[in-house]
1. State the percentage of accessible surface on the chain attributable to carbon and sulfur atoms; use a 1.4 Å probe and exclude ligands, DNA and RNA.
2. What base-10 log of the normalised intensity I(q)/I(0) is obtained for segment 181-261 from the Debye formula, alpha carbons as equal point scatterers, at q = 0.19 Å⁻¹?
3. Summing -39500 (n - 2.57) over the DSSP H runs of n ≥ 4 in the chain and dividing by its residue number, what mean residue ellipticity at 222 nm do you reach, to the nearest 500 deg cm²/dmol?
4. Can you give me the accessible area per residue for the chain, using a 1.4 Å probe, in Å²?
5. In whole Å, what is the distance between the alpha-carbon centres of segment 241-280 and segment 202-231?
6. Could you work out the Kirkwood radius for the chain, taking every pair of different alpha carbons, averaging 1/r and inverting it, reported in Å?
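The values are calculated or read from the model by the stated rules, or taken from the named source; none is laboratory data. Since the structure is predicted, the reported quantities are computational estimates derived from the model, not experimental observations. Surface accessibility is based on the protein's heavy atoms, side chains included, excluding ligands, DNA and RNA. Shrake-Rupley method; radii C 1.70, N 1.55, O 1.52, S 1.80 Å.
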Amino acid sequence: MSTAISPRRTELASFLRSRRDRISPIEVGMAPGLRRKTPGLRREEVAQLAGVSVTWYTWLEQGRPINVSAQILDAIARTLRLDSAERTHLYRLAEVPIPEAAARADAITPTVASILDAITGFPAAALNSRWDLLGCNAAAAAVWPRLTAPEGSRNVLWELFVTPECCRCFVNRDIGLPHMVASFRADFAQHLDDPAWIDLTRGLTAASPEFTRLWANHDVAAPPTQTMTYRHAAVGELSFSLTRMDLTATPETFLTVWTPVDEVSRHRMDWLLAHPHAPALDHTH
């Protein structure tokens with residue numbers, strides 16, 4: 001009988017440790033103590049607060065294939081102060097039955113393609129949960145020609161993290177990238193045995209120290225909604241708010257529309273659409 005720990009349980013163990021490390025004893029009403037080897041709560045403290053045995057919680061954090069109920073997971077989630085995205089992530093990793101999303105889509109329907117073509121004033125694109133670009137309109141191609149080119153990577157995360165620094169256009173990286181990686185990790189929990197997801201994650205880790213650092217945090221979150229700012233050589237900075245809509249006809253896909261947040265961005269977007277062949281990259285800065 002095999003005793004190998006499954007990838008899902010290994011991920012669960014790492015996630016629990018990372019969440020435990022971020023909570024100080026003072027936050028939960030415990031004395032900090034004089035000799036602490038851990039930056040946050042100890043295993044026995046989590047077990048005590050959650051109302052479970054220390055041995056059982058230790059086995060869970062070691063990734064052992066033990067049974068776990070939703071009630072116990074709720075107690076652990078409360079103890080570790082998990083938000084809704086983190087709680088869902090915990091359930092998936094612990095293999096507690098929840099409604100699972102269907103398999104990732106690799107293409108969009110003709111109807112969705114027509115919708116993209118009909119959106120003419122703002123950038124719009126269809127992506128799957130792995131951040132692969134499945135289709136986009138002319139406005140998106142004008143703003144992000146590297147990503148949308150036939151010979152391009154066609155993956156948003158790869159474009160953001162692996163593109164040489166001289167050619168990067170995403171301005172507020174410190175705000176946007178941690179949230180994007182956290183959203184990707186939340187979806188990754190459903191695809192731990194999928195070679196495509198594994199290959200992408202390994203490739204990003206090998207190619208980008210920045211991605212590796214963020215991935216090691218084990219943060220999970222809902223898809224980002226904050227304002228994104230991009231730099232285009234022909235028009236300068238463009239700031240957009242994101243609107244994301246799930247596409248029920250193609251599982252695990254969504255339509256994202258980038259709407260200019262101010263008149264300057266709107267005017268620059270209009271100019272760019274009128275001059276679609278304007279240079280997109282500035283190699284002098």
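1. Values: 8060 of 14320 Å².
Carbon and sulfur: 56 percent of the exposed surface of the chain.
2. Log10 of I(q)/I(0), two decimals: -1.06.
3. Details: 13 runs with 125 residues, N = 285.
After summing the helix terms and dividing by the residues of the chain, the value is -12500 deg cm²/dmol.
4. On the way: 14320 Å² over 285 residues.
The answer is 50 Å² per residue.
5. Measuring centre to centre over Cα atoms gives 21 Å.
6. It works out to 21.0 Å.
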